[in-house]
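I have placed the structure first, in the form of structure tokens, so that the comments after it can refer back to it.
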Amino acid sequence: MTDSSGEAQWYFSQVKGTMEDEVNEADIISTVEFNEDGELLATGDKGGRIVIFQREQPTKSQLQQNDFNSLRTEYNVYSTFQSHEAEFDYLKSLEIEEKINKIKWLRRKNMAHFLLSTNDKTVKLWKIRERNKRAIIQSSSASSEYSHYQNHTSLMNGNITVRDDINGFIRTVSIPVVKYMDRIEVEAIPKRVFANAHTYHINSISLNSDQETFMSADDLRINLWHIEITNQSFNIVDIKPANMEELTEVITAAEFHPKECNLFVYSSSKGIIRLCDMRQSALCDSQAKIFEEREDPTTKNFFSEIISSISDVKFSHSGRYLCTRDYLHVKIWDLNMESRPVETYNVHDYLRNKLCVLYENDCIFDKFECSWSSNDDHILTGSYNNFFKSFNRNSKQELMFECSREQTKPRQQLRPKRVTSSNLSNGQANGNSSPLLNSKRNNLMNGKTNSYKDEVNVDNLDFTKKILHTSWHPKDNIIAIAATNNLYLFYNKENTNPTSSMASYISSCNSISSNSSINCFNTLSNSTFSTTPMNPESTASLQNSQNQLNQIQLNTSFYTAPSSGFTNQPNVQTQQTSSQNTTMSL
């Protein structure tokens, strides 16, 4: 997942959709979902259409090359069909949009694929299958095509021989012939329609681990369905008060446990996650566990309740953890600890000072999704300006990348991005500055290392470009990201190319402050120089790194110039002795 400097290496694979500046509202992608094995990828848009992409299968000649992982990152269009149409509820005078809110794949049991799709009111079960294309040949063409079969039975040439006993002669009747073509077509067949069960807009559907039931959640209720029964559902959660004026929260997302068929969670607009057990009662009014992080009353303001609303909740593949996404954070919860999250990641905390602007343009109500990696070690979510962010749970590393038209070359490595405020762009870090940080920043700005991260000022962010929907491949390091009307595919691979010791040093210094510079230099002297024999190219690179290090030490107020300095001899052991004899004064 990472290179030698600890940074994730994401590479561009594909982009689907038009690159025109004018975006049709119906073409905006509203959901993205991989199937169980990752061979199919489904997207739904606001026009009610579902587009399914199939993973490209490598040829025999390609398999003989050592580039299997890269070749398996491309997806091609497999099927396209209209899932929902716009409707109008005449009793309530309400227009029902055709927008696809969610897509969930069923586990494959035969040659066909099944998926659930929903708009605001109706859930549908679709069967996706392949079949040989058939064509009906007319009698005239059939007679000419099968003329060489005239000496055989009449069924071979599409003719039926009828004996006329009255007139004393034999009459031939031609019939059409059905011929199977070599081309295979993919068809989508609606198998079930689950309707008339929700008064409010459906925001989530989740398939149970038993593969027989699923639930659909709207703002105030959650219903349980059987996959074979369309005219009956069971209400398992109902938070609608008797008086609607007493309504304080709504349901925002719901999901079944990946392994325990009796457990499910749902989140609310108050930032609360409730874990329910269907074995306790038919109506889960009383939850088994409540996951809530208490907010400090001194920091509460007008926007606190809005930004604390949870827009997405996902179980980890192991079922041990919960991932929740609110407006500014991604939080990881342990099912065994309800009091507070075990991990909290800031997605775009730099927008906290712009909440008034985001409230005026309604961006503060955007619903961002989150995704788990296949091994539950990484979290993926989106942001504004077509930025998406990945979090490494082991190293606590946070990296942000951009879905851009400028980075659409095949196998092009993405450059990390960073959003800064005005004072950071002028060389200040939270009002503090140090010679070490300034020296490192100058080296990065002068292009002396490839670890430079493009900086974008927070005032230049485009809030019309946003990444709300993401999906991570269930087995491989492939991510699908919906950016307005475009679908971006990126893949991750191990980087075996070694980097220079100076680049590794600068990367390792990204996570330390100026107060920990002593440890940085001690680590450098102990780990950078090894006793392994080095070739002339490595020796020259090492000497260049030493010269840059000497310059940094001379410009740093925490240290005095070394008494003996580093020699230019290629003997590594002598360099080690010199570094150890370096004197430091505070």
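Restricted to the stretch 199-231, and to residues that are among the acidic types (D, E) and under 21 Å from K92 (Cβ atoms), which residue is most open to solvent (accessible area, probe 1.4 Å)? Result: D219.
Just so you know, in the stretch 87-106 the residues that are in contact with a strand residue (DSSP E or B) (Cβ under 7 Å, 6 or more places away or on another chain) and farther than 22 Å from A253 by Cβ include one that is least open to solvent (accessible area, probe 1.4 Å), and it is D89. Here I50 meets the list (1) under 18 Å from W472 (Cβ atoms); (2) assigned to a strand (DSSP E or B); (3) open to solvent by less than 30 Å² (accessible area, probe 1.4 Å) almost entirely, failing just condition (1). The residue of the stretch 108-118 that is surrounded by the fewest Cβ atoms within 10 Å (Cβ to Cβ), among those that are modelled with pLDDT under 95 and within 30 Å of C370 (Cβ to Cβ), is K109. Here N443 meets each of (1) at pLDDT below 55; (2) touching a Lys or Arg at 6+ places or on another chain (Cβ under 9 Å); (3) open to solvent by less than 60 Å² (accessible area, probe 1.4 Å) with one exception, condition (2).
Residue-level analysis places N132 among those that are over 19 Å from D210 (Cα atoms), at pLDDT below 95 and among the polar types (S, T, N, Q). In the stretch 337-352, of all residues being more than 14 Å from Y321 (Cβ to Cβ) and in a loop (DSSP other than H, G, I, E, B), the one that is most open to solvent (accessible area, probe 1.4 Å) corresponds to S339. Among all residues of the stretch 356-363, there is at least one that is out of contact with any strand residue (DSSP E or B) (no Cβ under 8 Å at 6 or more places or on another chain) and hydroxyl-bearing (S, T, Y). Take the conditions (1) assigned to a loop (DSSP other than H, G, I, E, B); (2) surrounded by 17 or more Cβ atoms within 10 Å (Cβ to Cβ); (3) modelled with pLDDT under 90; S70 misses just one of them, which is (1). If a residue counts only when it is within 24 Å of the chain's Cα centre (by Cα), in contact (Cβ under 8 Å) with a residue 12 or more places away in the chain and buried (at least 19 other Cβ atoms within 10 Å of the Cβ), which strands (runs of 3 or more DSSP E) contained entirely in the stretch 232-326 have at least 3 such residues? The strands (runs of 3 or more DSSP E) meeting that bar are 251-256, 263-268, 312-315, 321-325. Residues that are of a type in the set (D, E, K, R) and in a loop (DSSP other than H, G, I, E, B) within the stretch 353-376 comprise D362, D366, K367, E369, D376, listed in sequence order.
The values are calculated or read from the model by the stated rules, or taken from the named source; none is laboratory data. This structure is a prediction, so every number in the text was calculated from the model and none was measured. Neighbour counts run over all protein chains shown; Cβ positions are idealised from the backbone, glycine included. Note: accessible area is taken over every heavy atom of the protein model, side chains too, but ligands, DNA and RNA are not part of it. Shrake-Rupley method; radii C 1.70, N 1.55, O 1.52, S 1.80 Å.
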